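The values are calculated or read from the model by the stated rules, or taken from the named source; none is laboratory data. Here the structure is a predicted model, which means the values were calculated and not measured. As a convention, Cβ positions derive from the backbone with ideal geometry for all residues, glycine included, and neighbour counts pool all protein chains shown.
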């Protein structure tokens, strides 16, 4: 698998709880750490990394067991992986953006370390302790995928996942389609081979803790997002005081790929607002209020 690092980026290796994590950093300014979703790697943020590095120090990494990172995949350890990266490469407060399953991990981190964050940005996030329901075709059949992986049928897993509603980027995005196929082609399925349902359990009340923390929160959704993830987005906005939701009109689950310019502008403006408030208030930025479609 090619590293495909953008020009000017620096590669780092961070060791965290038995895993060697591949991390890339580019740009200067307030740190912005990106956490990718399931069956992906840091490349899913290709449309964001270089564009946002003009205003921020963008840090993207391959989660344990994905991409160029080693270690045994384990959701229960991944908030600790974020902490290891933050301590080694960042030092001070940072913006944290999580996509899909990466949003679940980002919420876990925020619930335990909110004082280390400037803000939290969640895109199509899964939320611990919440079953959003929705039509059967929207659910992710992880148990079925794990059974296929155990039979050595990873090609079938990849085929099914590419057809899932959450992987649709819409017509007119050939580069995004190619990127998704590349990432899935490189996805090793190690987490499926070691699938443990208990890894999805988490003891913290993430919504309650984040809601009480006063942490600036941006919830990014697509108007064509699955019903289940839209419900979770609304729940986040309802439960976290001051949270802001922005809905990308032409996007589904992967708005960062289907509407990168609008997505990048929204993230840039939100982080800038938080950083301005932080400078003006002498502390962590105040929550951004309201919603926009």
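Identify, by number, the condition in (1) touching a helix residue (DSSP H, G or I) at 6+ places or on another chain (Cβ under 6 Å); (2) within 17 Å of residue 44 (Cβ to Cβ); (3) assigned to a helix (DSSP H, G or I) that residue 253 doesn't meet.
With (1) touching a helix residue (DSSP H, G or I) at 6+ places or on another chain (Cβ under 6 Å); (2) within 17 Å of residue 44 (Cβ to Cβ); (3) assigned to a helix (DSSP H, G or I) applied to residue 253, the lone miss is (3).
Considering only segment 82-100, state which residues are in contact with a strand residue (DSSP E or B) (Cβ under 6 Å, 6 or more places away or on another chain) and crowded, with 24+ Cβ neighbours inside 10 Å.
Hits for segment 82-100 are 95, 96, 97, 98, 99.
For residue 105, state whether it is surrounded by 20 or more Cβ atoms within 10 Å (Cβ to Cβ) and in a helix (DSSP H, G or I). Walk me through how you get there before you give the answer.
Numbers: surrounded by 20 or more Cβ atoms within 10 Å (Cβ to Cβ): yes; in a helix (DSSP H, G or I): yes.
Criteria met by residue 105.
Name the residues in segment 223-249 that are surrounded by 19 or more Cβ atoms within 10 Å (Cβ to Cβ), under 20 Å from residue 270 (Cα atoms) and in contact with a helix residue (DSSP H, G or I) (Cβ under 6 Å, 6 or more places away or on another chain), would you?
240, 243, 245, 246, 248
Which one is nearest to residue 252 (Cα to Cα) among residues in segment 170-189 that are surrounded by fewer than 16 Cβ atoms within 10 Å (Cβ to Cβ) and either in contact (Cβ under 8 Å) with a residue 60 or more places away in the chain or in contact with a strand residue (DSSP E or B) (Cβ under 9 Å, 6 or more places away or on another chain) (or both)? Talk me through it step by step, then tell me what you get.
Here is the first cut: in segment 170-189, the ones surrounded by fewer than 16 Cβ atoms within 10 Å (Cβ to Cβ) are 171-172, 174-175, 178, 181-182, 185, 188.
Remaining after also requiring either in contact (Cβ under 8 Å) with a residue 60 or more places away in the chain or in contact with a strand residue (DSSP E or B) (Cβ under 9 Å, 6 or more places away or on another chain) (or both): 182, 188.
Numbers: 182: 20, 188: 25 Å.
So, considering only residues that are surrounded by fewer than 16 Cβ atoms within 10 Å (Cβ to Cβ) and either in contact (Cβ under 8 Å) with a residue 60 or more places away in the chain or in contact with a strand residue (DSSP E or B) (Cβ under 9 Å, 6 or more places away or on another chain) (or both), the one nearest to residue 252 (Cα to Cα) is 182.
Which numbered condition trips up residue 135, out of (1) exposed (fewer than 15 other Cβ atoms within 10 Å of the Cβ); (2) modelled with pLDDT of 95 or more; (3) more than 21 Å from the chain's Cα centre (by Cα)?
Looking at each condition in turn, residue 135 falls short on (2).
Could you look through segment 193-206, keep only residues that are modelled with pLDDT under 95 and outside any loop (DSSP other than H, G, I, E, B), and pick out the one that is surrounded by the fewest Cβ atoms within 10 Å (Cβ to Cβ)?
Ranking the qualifying residues of segment 193-206, first place goes to 198.
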